[in-house]
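The values are calculated or read from the model by the stated rules, or taken from the named source; none is laboratory data. Keep in mind it's a predicted model, so treat the numbers as computed, not measured. Cβ: placed from backbone, ideal geometry, glycine included. Neighbour counts: every protein chain shown. Note: accessible area is taken over every heavy atom of the protein model, side chains too, but ligands, DNA and RNA are not part of it. Shrake-Rupley method; radii C 1.70, N 1.55, O 1.52, S 1.80 Å.
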Amino acid sequence: MPGGKAGIATLVIVIILAVIGGAIIAYKGNTQAQSSTPKTNTTTQSETSSPTTSNQTGESESYNAPVKVVKQLNLNIGNAPNTIKISKFSLTIYAGTGNVTVDMMLPNPCYNATLRYEPDNSTIILLVKSPSPGTMCVQVLKPLSLSTSITPPPSGEVTFIVVVDGRVAAQVPINLPS
C-alpha cells in the first residue's frame, strides 16, 4: 500500500505542526500576561512596582526589591511667559533608603530650583525662585531633572509641595504601596 505510507507521513506532519502552533500560541499568551503593568488612574497617572515570587505552597511573597512610584503630574504654575511645567515625579525606595526625582521645565535659566525632603512630615518640597526684576536671561528652554535622596524613606503617603517665591503654588498627595 503505497498510499498508506504517504497518509501516515502526512498525519505525522500535521500532528507536528499542530504541536508547534499550540506551543507558539501558549508562549505568546504567557509573554502578554507577563508584560501587562497595572496602572491607577486618578488625577494623575501612576505606576507602582514591587516584584513578588511564589513559594512552594503557591503563596506570593515579596522579596527585597525596589519599590518605584511614578506620577505623571502635568502641573503648570504661573502665567506665560513665566510658566513652570512639572511633568513627572518618581520615587524609588530600596533597602531603607530612597531617591526622588522631579522632571520639569523652567521658563528660563535664571530661575533657581532646589529639591528637599522633610522626614518629620513625609514632605518633598520643590523650591523655585524667580530671577530678580531686570535680570537678563537667554530664553533657552530645556528640561531639568532634580533629584534628592530620602532617608528614612516614607511609608503610606508623601506630600509633594511646590513653593514659588515663598508661596505654596501646588500640593499633591502621593500614595505609596504598603
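Could you check segment 75-110 and list, in sequence order, the residues that are among the aliphatic types (A, V, I, L, M) and either free of Cβ contacts under 8 Å to residues at least 40 places away in the same chain or farther than 18 Å from residue 164 by Cβ (or both)? Give the derivation first.
Initial filter on segment 75-110 (among the aliphatic types (A, V, I, L, M)): 75, 77, 80, 84, 86, 91, 93, 95, 100, 102, 104-106.
Once the filter is applied, which keeps residues that are among the aliphatic types (A, V, I, L, M) and either free of Cβ contacts under 8 Å to residues at least 40 places away in the same chain or farther than 18 Å from residue 164 by Cβ (or both), segment 75-110 yields 80, 91, 93, 95, 100, 105, 106.
Applying the selection to segment 95-109, what residues are of a type in the set (Gly, Ala, Ser) and surrounded by fewer than 21 Cβ atoms within 10 Å (Cβ to Cβ)? Before the answer, list the steps.
Initial filter on segment 95-109 (of a type in the set (Gly, Ala, Ser)): 95-96, 98.
Scanning segment 95-109 gives 95, 96.
Please determine whether any residue of segment 118-126 is outside any loop (DSSP other than H, G, I, E, B) and more than 17 Å from residue 98 (Cα to Cα). Steps first, please.
To start, the set of residues in segment 118-126 that are outside any loop (DSSP other than H, G, I, E, B) comprises 118-121, 123-126.
This time we only want the ones that are more than 17 Å from residue 98 (Cα to Cα), so: none.
No, that holds for no residue.
Specify which of the listed residues (92, 151) is under 16 Å from residue 67 (Cα atoms) and surrounded by fewer than 17 Cβ atoms within 10 Å (Cβ to Cβ). Don't jump to the end; show me each part of the working.
Details: 92 fails: surrounded by fewer than 17 Cβ atoms within 10 Å (Cβ to Cβ).
So the residue among 92, 151 that is under 16 Å from residue 67 (Cα atoms) and surrounded by fewer than 17 Cβ atoms within 10 Å (Cβ to Cβ) is 151.
Could you check how many residues of segment 165-178 are open to solvent by 30 Å² or more (accessible area, probe 1.4 Å) and not basic (Lys, Arg)?
Result for segment 165-178: 9.
For the condition in contact with a Cys (Cβ under 9 Å, 6 or more places away or on another chain) and at pLDDT below 90, what is the one hit in 81, 109?
Numbers: 81 fails: in contact with a Cys (Cβ under 9 Å, 6 or more places away or on another chain).
Of the residues listed, the single one that is in contact with a Cys (Cβ under 9 Å, 6 or more places away or on another chain) and at pLDDT below 90 is 109.
For segment 103-124: of the residues being hydroxyl-bearing (Ser, Thr, Tyr) and within 14 Å of residue 146 (Cα to Cα), which is farthest from the chain's Cα centre (by Cα)?
111
How about segment 125-144: which of its residues are open to solvent by 70 Å² or more (accessible area, probe 1.4 Å) and under 19 Å from the mean Cα position of the chain (by Cα)?
143
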